[in-house]
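K.L.:
Below: one structure in C-alpha cells.
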Amino acid sequence: MAARKRATAKARTRPRPAARGKATGRPATGRNGAGNADFERYCRETFAPAAVFAKPEVLKGYRVLSCTQYILGPSCASYLGELGAEVIKIEAPRRGEPMRHSTPGNEGFLYPLSRWVPGSGTGLGFFGANFNESFISMDFHRPEARELMYKLAAKVDVVVENFRPGTFDRWGIGYRQLSKINPRLVYMWLGGFGGWGPGRVRASYDILGQAQGGAFAITGIPEELGGSPSKHTIWLADYWGGMMGALQILSALYWRDTVSGQGTFLEYSQVHGVSRQLECSLPLYGREGVIRERWGNWDTQLCVHGIIR
C-alpha cells in the first residue's frame with residue numbers, strides 16, 4: 001500500500017507532455033473556455049485583413065495634424081495618410097468642415113440654404129479628400145483650444161492648414177508659436193495667392209486657381225468654332241495643389257531627419273501651382289512670341305493625338 005502511494009505521488013509530480021499544437025504555434029484547444037479563447041485570438045491575429053494585406057509604409061510612425069477645410073488642404077493631408085502617416089483632422093464642433101454640407105448629399109439640417117438638398121448624409125465632395133484620417137472637433141476661437149493645440153503640436157511631426165494667411169498666428173497657434181514648443185515641427189500652409197503678395201488676404205477656390213493660373217485660357221474649344229474658356233470638370237487646382245504640398249512636406253521631413261534636425265515653415269500658392277502645369281505655354285511665348293490658344297480635343301504638340309469620333 002505504501003509503495004502504491006509513493007508511485008501515485010511521483011506520477012503527480014511528473015511534468016506533463018507539451019500540449020498538441022505548440023510546435024506549430026497553434027494554441028491547444030479543449031473543452032475549457034480558456035483554450036477556445038486562445039484559439040480565437042490565434043485566428044484573429046493570423047487571418048486579420050490588416051496583417052494579411054500589410055505593406056511597407058514610407059511614413060509609418062509619423063503623425064500629421066490636419067487643420068484644413070474644403071479640398072486643397074485636406075487632400076494634402078490625405079496623401080500623407082496614403083503613405084502611412086497617422087493623420088488627425090480637426091473640424092469645427094457640430095457642423096464639421098464645410099465640405100460636409102456644401103456638396104450634394106449633404107447635411108441640409110445644419111446648413112439650410114437650399115430646399116433641394118437631402119435632409120441627412122455627408123456631402124459627397126467630402127469623401128474624396130478626407131480618408132485615411134481620424135477626426136476630432138475643436139473650436140479654435142476658445143482659449144482652451146489653444147492649450148490643446150500646444151499639447152498636440154508637441155506630439156506631431158507635421159501641421160497642415162489652409163486658413164487665410166495670418167489667421168492661426170492671430171489665434172496664437174501659428175508656426176511662430178508652435179515651433180517654440182516643437183522645433184522639429186514641419187508646418188505646411190496652402191492658399192490661393194501666397195502668404196506675402198497683394199492677394200494674400202483673398203480666399204480662393206479651385207476655379208480661381210485655374211483661372212488666374214492660366215489654365216482656362218488654353219482649355220476648351222477655339223473661339224472661331226463657337227467655344228469659350230473652360231474649367232476642368234475635376235478640381236484640378238485643389239488636388240494637384242494638395243499633391244504638391246505633400247511633396248514639399250516629404251522633402252522637409254527628409255531634410256529634417258537627415259540633415260538639419262530642425263522643422264520649417266512651408267508655403268504653397270495655388271495660382272503658382274497651376275501655372276507650373278502649363279507645359280510649353282511659357283516657353284512658346286518666350287521664344288516665339290506666340291500666345292498659346294485653345295485647341296479643343298487636339299494636342300498642340302503631338303499629331304495625331306486627340307479625341308475623335
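K.L.:
Residues being of a type in the set (A, V, I, L, M, F, W, C), assigned to a loop (DSSP other than H, G, I, E, B) and at pLDDT below 85: count how many of those fall in the stretch 32-75.
P.N.:
Counting residues in the stretch 32-75 that are of a type in the set (A, V, I, L, M, F, W, C), assigned to a loop (DSSP other than H, G, I, E, B) and at pLDDT below 85 gives 4.
K.L.:
Let me ask you something else. Gln210 fails exactly one of the following numbered conditions: (1) modelled with pLDDT under 90; (2) crowded, with 18+ Cβ neighbours inside 10 Å; (3) assigned to a loop (DSSP other than H, G, I, E, B). What is the number of that condition?
P.N.:
(3)
K.L.:
Then there's this: Filter the stretch 260-286 for residues that are among the hydrophobic types (A, V, I, L, M, F, W, C), surrounded by fewer than 18 Cβ atoms within 10 Å (Cβ to Cβ) and out of contact with any Lys or Arg (no Cβ under 6 Å at 6 or more places or on another chain) and give the result.
P.N.:
Matches in the stretch 260-286: Phe265, Leu278, Cys280, Leu282.
K.L.:
Hey, another quick one. Output the residues belonging to the stretch 160-172 that are over 20 Å from Ser204 (Cβ atoms) and either buried (at least 23 other Cβ atoms within 10 Å of the Cβ) or among the hydroxyl-bearing types (Ser, Thr, Tyr) (or both).
P.N.:
none
K.L.:
Output the number of residues of the stretch 214-247 satisfying the condition of being under 14 Å from Asp157 (Cβ atoms) and in a loop (DSSP other than H, G, I, E, B).
P.N.:
Selection size over the stretch 214-247: 0.
K.L.:
Something else about it: Take the residues of the stretch 248-281 that are within 17 Å of Gly209 (Cβ to Cβ) and assigned to a helix (DSSP H, G or I): which is farthest from the chain's Cα centre (by Cα)?
P.N.:
Ser281
K.L.:
Exactly one of (1) over 15 Å from Gly242 (Cα atoms); (2) exposed (fewer than 13 other Cβ atoms within 10 Å of the Cβ); (3) in contact (Cβ under 8 Å) with a residue 40 or more places away in the chain is unmet by Gly195. Its number?
P.N.:
(2)
K.L.:
I need the full set of residues from the stretch 156-206 which are within 22 Å of Val87 (Cα to Cα), aliphatic (A, V, I, L, M) and either touching a Pro at 6+ places or on another chain (Cβ under 8 Å) or assigned to a helix (DSSP H, G or I) (or both), in order please.
P.N.:
Leu178, Ile181
The values are calculated or read from the model by the stated rules, or taken from the named source; none is laboratory data. Not measured: the values here are computed from a predicted model. Cβ sites come from the backbone with ideal geometry, for glycine too, and all protein chains shown count toward neighbours.
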